[in-house]
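The next block holds one structure in the form of structure tokens; read it before the comments.
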Amino acid sequence: MRASLLLPLLLALTAGCSTPEAPAPSSAPPAATERRYLLERVDDAAVVQLYADGFAALPLGEKTLIYHLTQAVLAGRDIYIDQKHPRALEMRGVLEQIVAHPSGIDAPTLGEITRYTKLLWLNNGPYNNLTARKFVLACTPEALLAAAKAAAGNGARFATREGESIEALLARLQPMFFDPAVDPIVTNKNPAPGQDLLLASANNLYSGVSMADLKGFREQYGLNSRLVKRDGRLVEEVYKADGMYGPQIREIIRHLEAAQPFATPAMARALAALVTFYRTGEVRDREAYDIAWVQDNNSPVDTINGFIEVYLDARGVKGSWEGIVSYVNQEKTQRIKTIAAQAQWFEDHMPWDAQYRKPNVQGIVANAIDVVMEGGDSGPITPIGINLPNDQAIREKYGSKSVALSNVVEAYNQSTPGTMRDEFVWTPEEAARSAKHAEFASALTTDMHEVIGHASGRQSARLTEPPQAYIKEYFSALEEGRADLVGLYFIADPKLVELGIIPAADHADVVRAEYESYTRNALVQLRRIREGNQIEEDHMRNRQMIVRWLMANTKAIEQRTRDGKTYLVMVDPEAFRAGVGRLLAEVQRIKSEGDYAAAKALFDAHGVRFDPALRDEVVRRVDALNLPSYTGFVMPVLTPVRAADGSMTDVAISYPLDLTAQMLSFSGVRPTP
């Protein structure tokens, strides 16, 4: 599970804070004011350069390891794009050929195609990452065809089917490029009455399969397969080296095997186990990899590579492919390690029924990391915190790893203006508290979300399947809500002062700043859903649910109006924490007991739908400030430095500062910048 950028985005905007300058590595980077973070805006998306300042000082063996692991990520990135929609890769191929061969194309048409292509790159397909809704080209089909023909005249090569012309290719893809009513929502967990949630979802995790088809069917490869209906029966197309996505997976394996000689023994064992899983696709081999990965708790370099998170699947079963490569940022790791070291204390003091507490918390590993490469479900739009593995049985027996993506947070904060600070705060005192404490409070809550949130609790002994099998489409939002509630509950605990994490003199203000920011978030996040009245993204659902439940069941939050504007005002931090404790106890019970009906009732009442008139007001207020809704990152580039005999003597790191150049390079359309 993961913490997304959505919450820190709101906290940073409302706080108007800047991230403290990162500790300087041995080769000091340029000062934040001298380097470019914000590269461009594309509609409501910001494009930001990610920096990995400590990489240059790493030993050659670690640099070499990271290089091979980044190549494994690049080898798999197309898997996730295909998972998003069966036509997404073809669409990207058409667009990239046009963008790479622009000579003679009408300027307005080229500008629109470029805009759309950048959004498709950032979102890994033609669907908004936050709203799940499709975005379309604003030019005409005729203009797109003319651009494609001009690009072909410039040397573009379009991947047409046998005997297919460019005209026929674009006619076949036209509904996806231009018609918002065709496959409008990539993941629809709450379709209209009478609609099936699988058939109403446009992603490529299923083909021709409805929920009714699944009655009595038991999947053997739930996480790593595509489920299709063929000749009237269900067939699992398994993701493995000789199965679906075989060419990409075999290339991933090649790079993972090249990385193993440079890894620590524990990491090499985990990589070997991952290769075995990629070859067989068997559940037992995935479990063996998860165990080997979580038991590698001291390696300075790490990678996540595989079918992991289930947010894309309306059922919450199928894993999306993702890849991350990172190294430990030793200077920023102390706080998260302090929390992890006290995991048993926090477990023992959870506000839920004792039967759902772990009596012996196992092996929680926690680090702050600097990311070098992210792809698939993790990039260019990236999480800021991760806790894995997701397998509940493995977590309870072997523990978990939690990481905070420190350079992602730094790049985000350095690129974000603070002009929204005053728009949604009720008083100058609230604004001042936010400016002073919200950034620290947000980071601390995120650390607890990952380390003692996702890693906590246990399921009832009566459950024979993981909790997601019972809670289904509500599980991801419920689990993200549970982790948020843990952070919100314990940020007010004196234990954090005792541990030296929060100064005693600041504790009350830190707590209040966090509760105020979290409350405002439920209002301001509505700007991201510019049509309809339903939230699809699981992190957004959980935050809406928590605030609206507190409003309905406590006196901690008031909705106020002033000068025709709406505000959500946190008025009682004690009532807020007490309410969080009550809600957390119920959310844990729902998870532990697999109570689908209670999960559905909770989110249907508080977390899914909203007042579109209130959203329209928020949009008007925020649009006047010209701020982005979400952020995508341009990754560092690693280039091997070789001796005359071909041996690698160094790995140079550079920063392309250009989304188009990087994406065309990733696709092989242009050389690496």
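The values are calculated or read from the model by the stated rules, or taken from the named source; none is laboratory data. Computed from a prediction, not measured in an experiment: that's the story for all the values here. All Cβ positions, even for glycine, are placed from backbone atoms using ideal geometry, and neighbour counts span all protein chains on display. Keep in mind that these areas ignore ligands, DNA and RNA; they rest on the heavy atoms of the full protein, side chains included. Shrake-Rupley method; radii C 1.70, N 1.55, O 1.52, S 1.80 Å.
So the values come out like this:
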read-out	value
Single condition E167 does not satisfy, out of (1) open to solvent by less than 40 Å² (accessible area, probe 1.4 Å); (2) farther than 28 Å from D313 by Cα	(1)
Wholly enclosed helices (runs of 4 or more DSSP H) of the stretch 74-179 bearing at least 2 residues under 31 Å from the mean Cα position of the chain (by Cα) and of a type in the set (K, R)	107-123
Filter result (hydroxyl-bearing (S, T, Y) and either more than 20 Å from I308 (Cβ to Cβ) or in a strand (DSSP E or B) (or both)) within the stretch 208-251	S210, S225, Y239
Qualifying residue in the stretch 485-498 (condition: over 26 Å from the mean Cα position of the chain (by Cα) and open to solvent by less than 10 Å² (accessible area, probe 1.4 Å))	yes
Conditions (1) of a type in the set (G, A, S); (2) open to solvent by 20 Å² or more (accessible area, probe 1.4 Å); (3) at pLDDT 95 or above: number failed by G194	(3)
Residue in the stretch 447-482 that is surrounded by the fewest Cβ atoms within 10 Å (Cβ to Cβ), counting only those that are among the hydroxyl-bearing types (S, T, Y) and outside any loop (DSSP other than H, G, I, E, B)	Y470
When residues of the stretch 313-336 are limited to those that are among the hydroxyl-bearing types (S, T, Y) and in contact (Cβ under 8 Å) with a residue 60 or more places away in the chain, the one surrounded by the most Cβ atoms within 10 Å (Cβ to Cβ)	S326
Of all residues in the stretch 641-667 being out of contact with any helix residue (DSSP H, G or I) (no Cβ under 7 Å at 6 or more places or on another chain), farther than 16 Å from Y37 by Cβ and not hydroxyl-bearing (S, T, Y), the one that is surrounded by the most Cβ atoms within 10 Å (Cβ to Cβ)	A661
Filter result (out of contact with any Gly (no Cβ under 9 Å at 6 or more places or on another chain) and either open to solvent by less than 20 Å² (accessible area, probe 1.4 Å) or of a type in the set (V, I, T) (or both)) within the stretch 36-49	Y37, Q49
Residue within the stretch 348-364 that is modelled with pLDDT under 95 and either acidic (D, E) or touching a His at 6+ places or on another chain (Cβ under 6 Å) (or both) present	no
Failed item, numbered, when V235 is tested on (1) more than 21 Å from Q83 (Cα to Cα); (2) at pLDDT 95 or above; (3) surrounded by fewer than 23 Cβ atoms within 10 Å (Cβ to Cβ); (4) over 25 Å from the mean Cα position of the chain (by Cα)	(1)
Residue that is most open to solvent (accessible area, probe 1.4 Å), among those in the stretch 419-446 that are under 19 Å from S402 (Cβ atoms) and of a type in the set (A, V, I, L, M)	A443
Yes/no for V182 being at pLDDT 95 or above, open to solvent by less than 40 Å² (accessible area, probe 1.4 Å) and over 24 Å from H101 (Cα atoms)	no
D78 acidic (D, E), at pLDDT below 95 and surrounded by fewer than 23 Cβ atoms within 10 Å (Cβ to Cβ)	no
Among (1) in a loop (DSSP other than H, G, I, E, B); (2) in contact (Cβ under 8 Å) with a residue 40 or more places away in the chain, the one test that N298 misses	(2)
In the stretch 499-510, residue farthest from A435 (Cα to Cα) [restricted to those that are open to solvent by 10 Å² or more (accessible area, probe 1.4 Å) and in a helix (DSSP H, G or I)]	A504
The one condition in (1) over 25 Å from the mean Cα position of the chain (by Cα); (2) of a type in the set (V, I, T); (3) open to solvent by less than 50 Å² (accessible area, probe 1.4 Å) that I253 fails to fulfil	(1)
Residue list for the stretch 151-170, filter: of a type in the set (A, V, I, L, M) and under 16 Å from I98 (Cα atoms)	A151, A152, A156, A159, I166, L169, L170
Candidates R254, R279, R269 - the one that is over 23 Å from A88 (Cβ atoms), out of contact with any strand residue (DSSP E or B) (no Cβ under 6 Å at 6 or more places or on another chain), touching a residue at least 60 places away in the same chain (Cβ under 8 Å) and not in a loop (DSSP other than H, G, I, E, B)	R254
Matching residues in the stretch 510-555 - criterion: being free of Cβ contacts under 8 Å to residues at least 40 places away in the same chain and farther than 15 Å from G607 by Cβ	T554, K555
Hits in the stretch 636-673 (condition: in a strand (DSSP E or B) and of a type in the set (V, I, T))	V637, T639, V641, T649, V651, I653
Test result for A513, more than 18 Å from I386 (Cα to Cα), more than 19 Å from the chain's Cα centre (by Cα), open to solvent by 10 Å² or more (accessible area, probe 1.4 Å) and of a type in the set (A, V, I, L, M)	no
Residue list for the stretch 408-418, filter: surrounded by fewer than 24 Cβ atoms within 10 Å (Cβ to Cβ) and in contact with a Leu (Cβ under 6 Å, 6 or more places away or on another chain)	S415
Helices (runs of 4 or more DSSP H) completely within the stretch 520-635 that count 2 or more residues being open to solvent by less than 10 Å² (accessible area, probe 1.4 Å) and in contact with a Gly (Cβ under 9 Å, 6 or more places away or on another chain)	538-553, 573-593
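Residues are listed down the side, and each one gets a yes or a no for (1) touching a Leu at 6+ places or on another chain (Cβ under 8 Å); (2) more than 30 Å from I185 (Cβ to Cβ); (3) without any contact (Cβ under 8 Å) to a residue 60 or more places away in the chain:
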{"position": "Q49", "(1), (2), (3)": "yes, yes, no"}
{"position": "D53", "(1), (2), (3)": "no, yes, no"}
{"position": "T70", "(1), (2), (3)": "yes, yes, no"}
{"position": "A75", "(1), (2), (3)": "no, no, no"}
{"position": "K118", "(1), (2), (3)": "yes, no, no"}
{"position": "K134", "(1), (2), (3)": "no, no, no"}
{"position": "L144", "(1), (2), (3)": "yes, no, yes"}
